[in-house]
Amino acid sequence: MGKNLPIPLPERDCEVIIVLIEPEIQGNVGAVARAMLNFGFDKLRIIAPNGYEFEDDALARSKHAKNVLLNSEIYTNWDSCMHDISLVIGTSGKREYGEKVSFRHFVMPEELGIRLLDVSGKVALIFGREGVGILTEELQLCDILVTIPTWEGYPILNLSHAVSLILYELHKALCVSELGKQSGLPKTTHANRLLDPELRRMIHAFSDDISEVVNVQEHKRKGISETLKRVIMRGMPLNDEAHRILGVMKQSRDSLRQTYNEEE
């Protein structure tokens, strides 16, 4: 009971990588590793400015998923951790009201699973600190935001519980049935839908550029940039689609810059 069976991990087109930002409780990290392996995921990255070492509590709580911890990758900052990632998914249980809502258009876990059906490549699923979660400036670097529909009166879940619920939905969505039986094997459609990381960076850069030259009040520029990034990336464009979008964005930026310079 409770031991690993000699069964290969599921083969998925999208390589889901769990990223923990500055985890504070060793036991939670161990429980995250166990939850990951429960649903057939084993890629873990940790962002910790001062490095990170696993203590006895983490190893004990991981049970038979110790290799998830031992094979994890430790990064000192966000940029180095995301260097090869094409789609960044942030998680949050924070509720915002008023103007801040525009920065937090969430999808539900079951919807996220469906969206990833036709995705291939590396996808980062980000979980924040136990105390404060993912900071606002970090959420703004994410392409898609996902939240678990908890009760509004007490919305924040334990870290490992949140990981478990989201990975359950991803595992369920990425599995296929064969001969009427649940095979436990994910779909392998090889749709090549995941965006090249460099194209993703260019979309972010052009969004920033356009927001700087549109004729709006200064305090609205950041919101325009975030909206452009979020709306484009929410559609998870193919590489050739991204190239066409970038062409339009470049022409728009250059035209707006010329108009701006002429007005000056």
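Throughout, read-outs are computed from the coordinates displayed, never taken from laboratory work. Since the structure is predicted, the reported quantities are computational estimates derived from the model, not experimental observations. Glycine also receives a Cβ, built like all others from the backbone with ideal geometry; neighbour counts cover every protein chain displayed.
When each of W78, W151 is scored by the number of other beta-carbon atoms lying within 10 Å, the sequence from fewest to most is W151, W78. Counting other Cβ atoms within 10 Å as a rough exposure proxy, the listed residues S120, S225, S92, S255 run S255, S120, S225, S92 from fewest neighbours to most. Taking only Cα atoms and a 10 Å spring cutoff, compute GNM fluctuations for the chain and point out the largest among P23, P237, P155. Greatest mean-square fluctuation among the candidates belongs to P155. Computed from phi, the 3J(HN,Hα) profile of the range 6-14 under the Karplus parametrisation 6.51, -1.76, 1.60 (θ = phi - 60°) reads x, 10, x, 5, x, 9, 10, 5, 8 Hz, with x in place of Gly and Pro. 3J(HN,Hα) couplings calculated from phi for the range 44-50 with the Karplus curve 6.51 cos²θ - 1.76 cosθ + 1.60 (θ = phi - 60°) are, in sequence order, 10, 10, 10, 9, 8, x, 9 Hz; Gly and Pro show x. Near the amide H of K43, within less than 5 Å, lie the amide hydrogens of I18, all on another chain or at least 5 residues away, with H placed in the peptide plane. Among Y168, Y154, Y52, the order by Cβ neighbours within 10 angstrom, fewest to most, reads Y154, Y168, Y52.
One Cα centroid belongs to the range 1-60, the other to the range 192-249; the line between them spans 32 Å. Ranking S120, L37, S86 by how far each Cα lies toward the positive end of the dipole of the chain (charges on Cβ) leaves L37 at the top. DSSP assigns beta bridges within the chain; of those with both partners inside it, close to 15 percent run antiparallel. Looking at the square roots a ≥ b ≥ c of the eigenvalues of the Cα gyration tensor of the range 31-177, which shape do they give, rounded for a/c under 1.5, prolate if a/b is larger than b/c, or oblate? It comes out rounded by the Cα gyration axes. Under a 5 Å amide H cut-off, with hydrogens placed 1.01 Å from N, Y75 pairs with I46, I47, A48 among residues at least 5 apart or on other chains.
In this simple spin-label model, placing a label point 7 Å from the Cα along the Cα-to-Cβ direction at both E263 and W78 gives a separation of 3.0 nm. Count Lys and Arg as plus one, Asp and Glu as minus one, and take only other residues whose Cβ is under 11 Å from that of F54; the net charge is then -2. Pairs of Cα atoms nearer than 8 Å and 6+ residues apart set the relative contact order; for the chain it is 21 percent. With 25 Å as the limit, the listed pairs K94/K250; K63/K172; K220/K250; K222/K250 have K94/K250 beyond it between alpha carbons.
Residues whose amide H falls under 5 Å from that of V123, counting only those 5 or more places apart or on a different chain, are E15, V16, I17, with hydrogens built in the peptide plane. For the range 239-254, the Karplus equation 6.51 cos²θ - 1.76 cosθ + 1.60, evaluated at θ = phi - 60°, returns couplings of 4, 5, 5, 4, 4, 5, 4, 5, x, 5, 5, 5, 4, 5, 4, 5 Hz by residue, with Gly and Pro reported as x.
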